[in-house]
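This report concerns only the one structure given below.
The values are calculated or read from the model by the stated rules, or taken from the named source; none is laboratory data. Quick caveat: nothing in here was measured; it's all calculated off a predicted structure. Ideal geometry is used to build each Cβ from the backbone, glycine not excepted, and the neighbour counts take in all protein chains shown. The protein model used for the area step is the full one, side chains on, heavy atoms only, and it has no ligands, DNA or RNA in it. Shrake-Rupley method; radii C 1.70, N 1.55, O 1.52, S 1.80 Å.
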Amino acid sequence: MEASGREQWGSRVGFILAAVGSAVGLGNIWGFPYRAFSNGGGAFYIPYLFALFTAGIPIMILELAMGQKNRGAAPLTFAKLNRKWEWLGWMQTFISFVIATYYVAIIGWAIAYTYFSFGQIWGTDTKAFLFGDYLGVTSSQFELGGLQWGVVIPVVIAWIVIYAAIRGGVKKGIETANKVFMPLLALFLIIIAIRGVTLPGAVKGLEFLFKPDFSRIFDFNVWTAAYGQIFFSLSICFAIMITYSSYLPKKTDIVNNGFMVSLLNCSFSLLAGFAVFGVLGFMAHAQGVGVQDVAAGGVGLAFVVFPKAISLMPFAPGLFGALFFISLVFAGLSSAISINEAVLASFMDKFSVSRQKAVNVYCAIAFLVSLLFATGAGLLILDVVDHFIMQIAITFAGLIEVMLVAWFFNLDSFKEHINPMSDFRVGAWWTFMLKVVTPLVLGYMAISQLWGDLTSNYGDYTDAAILVFGWLVVLATLVFGIAMQFVSWKDEELLTGDVLDKQAGIGG
Ligand code: PFF
């Protein structure tokens, strides 16, 4: 037992499954395949791998080291690096809270669609079904249109699973949930991929995903798309990996774990690519159109295009559909568990309150806020909030994180912490990426995305909608973050004790 009394993972496999569970989410299934397709097909893998090795893995290793060394969720970890940086940990925590409240709505839709799959009750016009019959989308973000019970019920189901996992604690709850979800998710995706690539026309779809269009390599946007995909997909700069690694034992091969989690995550993306484009190829073939005419990403792919493809299946469409949507549910739940844990753990650290007490209050509040996304305006609000949180808040918080830690903190002290415990050592490569390459790329992305959103309204929504659900939400994460820095710690000793180094007899 740790002197600090912090919970720990039951095993290394348990940690890896949980971290991969966090990383593998909707982004892998509906984000990656379409991004690859629309950014040069096979040529996309060059910037993608480049982003993985120059930013993804270095930041992953950094965050794992930060949490494991400081044994805290994001606010405690940043406060221990420098008391003045606590706000950044809180800003990431509030960003995570916002994401947690709308991500659960999407899981809810996927639960409902698992059920709908059996009778393919979406009919022939899957778009009208989604926006009209199912979501009852209103005409603006400010016209709530009341709760949609078809969304509320599955959202409650999703919350029950999340609650059970985070209430159960690191080992009994979170680790167990991931030990169930992740192997099943891998199995389901393999089945879907095999079924997908053996459908007539599948090859045409895969060709779009893998045939390289090298001319796109010179397009700057392709590179930022690759970096964006890597950041989002690895769940870095989300407060999550810091929190999960704070439950690692005092001696842990950080480098190995960082590589393992990152590479496993990318393997899931590739697998999802086979599944999704196999099916899209089949769909194009069945309808006598081009793959580019049916290809889509995000909500459109999962809830408009896929239902249509499922209805066209020659054999057991209900089963195939249910497998696809349950995969989304499992991928989503394991990510949702991680993001809620990141928020919960921040408050447990700050107020030294027990998990049992904190979890009830936390889940009640988060559940109530999430109901906003189960109204008729839910999708419209979600669209704006998600865009601003991902494009502006996460990018800036990530940029500030890397700049503060790499420039103003002694990175070598992390190296001295990581290397004695790791088979592969981090050296000049790691430092250079964190000090130079990552800040440059993130800086460019942050500024160009900020400029884009300042000069035109995302999705052509009204000024009021963009202000309230975009800018003000981002501002709120910053203001709440700063405010929390002024709230005092229940147990000041948490901030000073470097229990780990003393115990391990290294560094320090
Ligand atoms: N890596 C996750 C994904 O690809 O979906 C990102 C994520 C989103 C993690 C939302 C957690 C979360 F709640």
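For this structure, a couple of remarks:
- Net charge dipole, the chain: roughly 1020 debye, given to the nearest 20, about the Cα centre with Cβ charges of +1 for Lys and Arg and -1 for Asp and Glu.
- Solvent-accessible surface (1.4 angstrom probe) belonging to residue 323, in square angstrom, nearest 10: 40
- Structural descriptor for the stretch 1-130: relative contact order 9 percent, calculated from alpha carbon pairs under 8 angstrom and at least 6 residues apart.
- Under 19 Å from the residue 184 label point (7 Å along Cα→beta-carbon), backbone N, the stretch 119-158: 154-158
- FRET efficiency, residue 293 to residue 403 (Cβ-Cβ, R0 45 Å, nearest 0.05): 0.55
- The stretch 202-246: C-alpha gyration tensor shape, a/c 1.5 cut-off, then a/b vs b/c: oblate
- Accessible area expressed per residue, the stretch 295-450, with surrounding protein chains retained (probe 1.4 Å, Å²): 33
- Extreme residue, positive dipole direction of the chain, given options 140, 379, 24 (C-beta unit charges): 24
- Dipole moment magnitude, nearest 20 debye, the stretch 347-497 about Cα centre, only Lys, Arg, Asp, Glu C-beta charged: 260
- Here the chain has 68 percent of its accessible surface on carbon and sulfur atoms, given a 1.4 Å probe and all protein chains in place.
- Rg ratio (alpha-carbon, reference 2.2 N^0.38 Å) - the chain: 0.94
- Helix 86-117 axis, angle to the chain major axis (alpha carbon atoms, nearest 10°): 30
- Each Cα pair under 8 Å and six or more residues apart adds its separation to the average, and for the chain the resulting relative contact order is 33 percent.
- With the whole protein complex present, residue 20 retains an accessible surface near 10 Å², based on a 1.4 Å probe.
- Cα gyration tensor shape for the stretch 116-217, rounded if a/c is under 1.5, else prolate or oblate: oblate
- Three-way shape label, the stretch 283-420, alpha-carbon gyration tensor, a/c 1.5: prolate
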